[in-house]
Amino acid sequence: MRKTLLHSDEVSRLKAEIEQKLGWGPGLDWHSSVFSELSEKVFEACQVMLSATTLKRFWGVVNHDSVPSISTLDTLSQFCGYENWRDFKQNSSRKTKKQSHFPKKSLYVTAGFLLAFLTVVLIGNKRPGAEELPEGIAFSSRTLARTYPNSVVFDLDLQGVQSDNIHIQQYWDPTRTISISDDQQQATGIYYFPGYFRAKLLIDDEVIASHDLFLKSNGWIGTVEYTPVPKYFRPGMSDQKELFYPEEIGTEVKGSKDPLMTVYHFVDDLGEVSGDHFTLKATLRNTYDDQWAVCQSVGVYVLGTKGAMIIPFSRVGCSSDNNLMLNDVYLSGKANDLSAFGVDLSDFTEVAIEVEDRNVLVSVRGEVVYQSAYQKTMGRLVGLRFKFLGLGEVATYSLTSGGKDVTLVGLWE
């Protein structure tokens, strides 16, 4: 059994420091929505997504037998201004650290929280852009299927390594890790969504090796975002609509007492299409505004090999709940005016995203409503997502780059 590296007094001290930083009172008294707000604040400060459920487990609000992962502790330590969990343990009790709203070192999410969103298949067993591995260590992966859910086998050679703290981080979410022993040669991970990710091998909390992973959607695929396992469906296509949900999915979502998201995914090798030079146009609508879906929220995701873009839309009065991501730029509607993305999506509405040299223009019905820029390259484009709170349809969509149309056709088989 892996040795426990945590001491309850150190974890309690970290909780107390976060509570003092926030000024919201004891965490055990927080309402569920407070944990959701903290999740957003952690993402804004650290660019790492810790779910509200993970935070509830950390505070003991939700019963959970296992200890917090090192990745979770690293992120929460960074939120308090430390380098990582080790730095917190060494320095917090001495009270010599100056508290900072932002950590010294941020980890950039490389593809939209993106659901949750992105996952893996190694392209031809190559590791695009992977660094040279340390001597005696091998780390690669291969997929077992083309359908979803999909499992990936990680092959390992940890010759000469002796440690009881070895993990594989499957993708951008640091809470999704696999604990392995130093004599283990294989490990498996399950992936529920198509996407482009980077798997990391961590030994004693340090990233020793990593490689890019690419899991294709094999045409357009639809999901209903149940947790932890989504429901998959084959989107409809017709002369009037490019993407719509089957009748039985509409009935199921409308009958749900809890909020549900539906998503259309397309992830594939699009060739040498730059994520820093493209135009995306889509005519879409949210078809459900009852119960929990009154805000009619819609997210348009653009996925690249080195980053992602999330453009949020909702009714005007709901803009505070929007979160905008332009690769390395993240803006929360709680701390920024994102009312420009407030629009009535009850009827089909054309939205456009134009990117030129990392400068972004967002238009609604042909009128520019927002413009900004980002610094880090998105890499090559690998796909799109249209995400709806409740239910939604896409009448038309087009993606162009360099004056040429990029083909996004076919349905998941």
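Couple of notes before you dig in:
- Close contacts from the range 21-47, counting a first residue that is more than 18 Å from Val11 (Cα to Cα) and a second that is of a type in the set (Lys, Arg), with Cβ to Cβ under 7 Å and a gap of 6+ residues or different chains, come to Glu40/Lys334.
- Pairing residues of the range 314-334 that are at positive phi and touching a residue at least 24 places away in the same chain (Cβ under 8 Å) with residues that are open to solvent by less than 20 Å² (accessible area, probe 1.4 Å) and aromatic (Phe, Trp, Tyr), at Cβ distances under 6 Å and at least 6 apart in sequence or on separate chains, gives Asn327/Tyr374.
- Test: residue in the range 233-250 that is among the β-branched types (Val, Ile, Thr) and more than 30 Å from Glu83 (Cα to Cα): yes
- Residue ranges of strands (runs of 3 or more DSSP E) in the range 262-355 with at least 3 members within 15 Å of Lys387 (Cα to Cα): 277-286, 298-304, 308-313, 323-326
- Of the criteria (1) modelled with pLDDT under 95; (2) over 22 Å from the mean Cα position of the chain (by Cα); (3) basic (Lys, Arg), which one Lys334 fails: (2)
- Considering the conditions (1) touching a Leu at 6+ places or on another chain (Cβ under 8 Å); (2) surrounded by fewer than 20 Cβ atoms within 10 Å (Cβ to Cβ), Leu38 is excluded by exactly one of them, (2).
- Glu17 vs. criteria under 20 Å from Asp321 (Cβ atoms), touching a residue at least 40 places away in the same chain (Cβ under 8 Å) and surrounded by fewer than 21 Cβ atoms within 10 Å (Cβ to Cβ): no
- The range 242-270 - residue that is of a type outside the set (A, V, I, L, M) and under 23 Å from the mean Cα position of the chain (by Cα) and, of those, surrounded by the fewest Cβ atoms within 10 Å (Cβ to Cβ): Asp258
- Candidates Ile180, Ile137, Ile123 - the one that is out of contact with any helix residue (DSSP H, G or I) (no Cβ under 6 Å at 6 or more places or on another chain), at pLDDT below 80 and of a type in the set (Val, Ile, Thr): Ile123
- Considering the range 356-391, the residues that are touching a residue at least 60 places away in the same chain (Cβ under 8 Å), assigned to a strand (DSSP E or B) and touching a helix residue (DSSP H, G or I) at 6+ places or on another chain (Cβ under 9 Å) include one that is farthest from Asn327 (Cα to Cα), namely Leu389.
- Of all residues in the range 187-243, those satisfying the criterion of being closer than 20 Å to Arg285 by Cβ and hydroxyl-bearing (Ser, Thr, Tyr) are Thr223, Ser238.
Okay, residues lined up against (1) surrounded by fewer than 19 Cβ atoms within 10 Å (Cβ to Cβ); (2) farther than 14 Å from Ser297 by Cα:
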{"site": "Met325", "(1), (2)": "no, yes"}
{"site": "Leu331", "(1), (2)": "yes, yes"}
{"site": "Lys334", "(1), (2)": "yes, yes"}
{"site": "Leu338", "(1), (2)": "no, no"}
{"site": "Asp344", "(1), (2)": "yes, no"}
{"site": "Glu354", "(1), (2)": "yes, yes"}
{"site": "Ser363", "(1), (2)": "yes, yes"}
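- Taken over the range 150-160, the criterion of being under 21 Å from the mean Cα position of the chain (by Cα) and modelled with pLDDT of 90 or more is satisfied by Val152 alone.
- Set side by side, the residues Pro230, Pro235, Pro149, Pro194 differ, and just one is open to solvent by less than 50 Å² (accessible area, probe 1.4 Å) and either aromatic (Phe, Trp, Tyr) or over 23 Å from Phe43 (Cβ atoms) (or both), which is Pro235.
- Residue count for the range 199-224, restricted to those that are within 19 Å of Ser71 (Cα to Cα) and surrounded by fewer than 23 Cβ atoms within 10 Å (Cβ to Cβ): 10
- Filtered residues of the range 239-270 (kept if without any contact (Cβ under 8 Å) to a residue 60 or more places away in the chain and among the small types (Gly, Ala, Ser)): Gly255, Ser256
The values are calculated or read from the model by the stated rules, or taken from the named source; none is laboratory data. On a predicted model such as this, the values are computed, not experimentally measured, just so you know. All Cβ positions, glycine included, derive from the backbone under ideal geometry; neighbour counts span all protein chains shown. Surface accessibility is based on the protein's heavy atoms, side chains included, excluding ligands, DNA and RNA. Shrake-Rupley method; radii C 1.70, N 1.55, O 1.52, S 1.80 Å.
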